[in-house]
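Please treat every number below as a calculation from the coordinates, not as lab data. The structure presented is a predicted model; accordingly, all values stated were derived computationally and were not measured. Note: ideal-geometry Cβ built from the backbone for every residue, glycine included; neighbour counts use all protein chains shown.
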Amino acid sequence: MDEHHDTGIMSQFEKEAHSFVIRIWKENRDDPSKPPVWRGWIRHVQSDQLTYFSDTADISRIVAHFTTHDAELDNVFEPVQQEDERR
């Protein structure tokens with residue numbers, strides 16, 4: 001494969017990709033006999049939407065929301081390189 005072909009494939013891959021940043025932290029409870037709670041947030045990079053969660057099992061639900069609602073985000077995605085730059 002030549003370099004231009006690889007760039008085209010990567011541009012298509014990036015256009016169809018979603019990126020997320022996840023931050024998770026442990027919060028101790030006032031009552032030491034109770035286990036700590038893991039909380040966090042997940043940011044969808046393309047839309048900059050931030051969603052908080054208090055159950056790490058929600059991470060997959062949040063990601064699924066964005067990957068099953070692609071049509072709403074189509075205008076957010078742009079190719080990594082413009083068409084004329086690939087030649």
Discussion item. I'd like the Karplus ³J(HN,Hα) series for the stretch 19-30: coefficients 6.51, -1.76, 1.60, θ = phi - 60°, whole numbers in Hz, and an x wherever there's a Gly or Pro.
Written reply: 10, 9, 10, 10, 10, 10, 9, 9, 10, 6, 8, 4
Worksheet item: What is the order of Ser47, Ser60, fewest Cβ neighbours within 10 Å to most?
Response: Ser60, Ser47
Practice prompt. Report the extension gain between Glu16 and Asp30 in nm, rounded to one decimal, defined as 0.36 nm multiplied by the number of residues separating them, less their alpha carbon distance.
Written response: 0.6 nm
